[in-house]
Amino acid sequence: MEKILNPEALDQKIAECTEKLNDKLSGKGGKRAILVCGGTGCLANDSQPIFDKIAEELKARHLDDKVSVTRVGCFGMCSQGPFVKILPEDTLYCKVKPADVERIMTESIEGGKIIEDLLYVNPVNGEKIVHQGDIPFYKKQQKVALHGVSTIDPLEIEESLGCDGFKALRKVLTSMKPQEVIDEVLKSGLRGRGGGGFPTGRKWQFAANVNAPQKYIVCNGDEGDPGAFMDESMLEGNPYAVVEGMEIAGYAFGATEGYFYVRAEYPVAVARLKNAIAEMRKAGLIGKNILGTGWNFDVHLREGAGAFVCGEETALLNSIEGKRGMPRPRPPYPAIKGLWGCPTCVNNVETLAQIGYIIRIGS
Ligand SMILES: Cc1cc2nc3c(=O)[nH]c(=O)nc-3n(C[C@H](O)[C@H](O)[C@H](O)COP(=O)(O)O)c2cc1C
């Protein structure tokens, strides 16, 4: 994507991308969209060959100008994956195998029929459910931290722009003072999602109160807790939203550099985050003079080497500095003396993923 030079150009791009994504999802012009789950759980169950085969079949049947296929982030109910969703009908097929692709094409896409044996079965009453929105697990969900996840292509910055991406960054850079951002996050009551539950706005306030030439924001994506995959889901499904949250944090307390620390056991999350950072850099949403506002922000990525203790924020800082991942005594807290001795806020992935939403909607 070409470089976005000012807020007005961003507005225009957002409007274009929003229209394009909405048209795709709503079936405008009689077109249909197939979404294939590309979360790690489904990838481990062959969702990549399913995606490739669907793309191949669409071409072979000359349907590729009428039906699109997109690999999206995690659908959440991993025990039922791999998922294939057909829009605009909202038909959800579960536990799909590569061998099912031909039937999906012939019976469902070309024939307009529902394939009964690929539907979700409600374990309470044995009822087969056709539409994702009717499945009890999804019925009342309202995605906040997971905004855009399982809807957008996580490798396409334009899809993120079509799903509210960077509206909050534009808002803070053009109409809010840093202290107003901190106040808004304080008022929202957001507490850190990394386990400690410390009020995010208060942490940012501590760092803002320190006068220092260099400050850092660090995103903790170590996710060491066994069986926890929420940070992974966000980084795989909409990495742009997490980077945007990091930038807003940096603007709020005066950091001009951000570090992601993501466990190396998350190769899909790491690859998609790397791609997002590169795309944002190309679009001028990372780097110097962002949106022509004179504000600079750079982002780095470090992969953790798999030590549980490195999820603890001070051990994590040692690890980024290339030292042994051992916790440091606190105080001083990182907000006062963190990375390379500079004021640093460490925030969890899920914490940062909610910042854009809070700024867009208000506290
Ligand atoms: C042993 C240990 C392991 C931790 N592992 C993680 C982790 O994997 N991810 C995380 O975000 N926080 C972890 N924490 C909490 C962090 O030290 C820190 O509180 C958190 O990253 C701050 O972000 P938040 O304010 O957004 O929650 C761990 C803490 C301890 C003591």
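Only the coordinates and a few stated rules stand behind these numbers; no lab work does. Keep in mind that what you see is a predicted model, and the values were worked out from it rather than measured. Neighbour counts run over all protein chains shown; Cβ positions are idealised from the backbone, glycine included.
What to note about this one:
- For residue 131, neighbours were defined as the other residues whose beta-carbon sits under 9 Å from its Cβ, and their charges (Lys and Arg +1, Asp and Glu -1) total -3.
- Using a 4.7 Å Cβ-Cβ cutoff, the cysteines of the chain lacking any partner cysteine are 17, 74, 78, 94, 163, 219, 310, 342, 345.
- Rh by Kirkwood over Cα pairs, then Stokes-Einstein D for the stretch 251-363 at 0.692 mPa s and 37 °C, µm²/s: 212
- Beyond 22 Å in Cα-Cα separation lie the following of the pairs 59/282; 143/167; 28/282; 143/187; 24/59; 95/128: 59/282; 28/282.
- Of all the options 297, 253, 137, the one that moves most in a Gaussian network model of the chain with Cα springs shorter than 10 angstrom is 137.
- Once C-alpha pairs closer than 8 Å and six or more residues apart are averaged by separation and normalised to the residue number of the stretch 162-310, the relative contact order reads 25 percent.
- Most mobile listed residue (93, 259, 120) in the chain, GNM with C-alpha springs under 10 Å: 120
- Ranked from largest, the principal axis spans of the Cα set of the stretch 31-139 equal 41, 29, 22 Å.
- Phi to ³J(HN,Hα) by Karplus 6.51 cos²θ - 1.76 cosθ + 1.60 over the stretch 262-278, Hz, x for Gly, Pro: 10, 4, 5, 6, 10, x, 5, 4, 4, 5, 6, 5, 4, 4, 4, 4, 5
- Antiparallel beta bridges, as assigned by DSSP with both residues in the stretch 1-93, represent about 55 percent of the total such bridges.
- The GNM of the chain, with springs linking C-alpha atoms under 10 angstrom apart, assigns the highest mean-square fluctuation among 194, 165, 322 to 322.
- Residue-averaged 222 nm ellipticity for the chain, from DSSP H runs of 4+ at -39500 (n - 2.57), nearest 500: -11000 deg cm²/dmol
- Per DSSP, loop GluC sites (Glu not before Pro) in the stretch 1-51 with at most 13 further Cβ within 10 Å: 2
- With bins 10 Å wide beginning at 0, the percent of Cα pairs of the chain falling in each bin runs 5, 24, 31, 23, 13, 4, 0.
- Alpha carbon centroid spacing (whole Å) that separates the stretch 262-292 from the stretch 331-351: 21
- Under 20 Å from the Cα of residue 139 - aspartates and glutamates, other chains or at least 8 residues apart: 89, 90, 127
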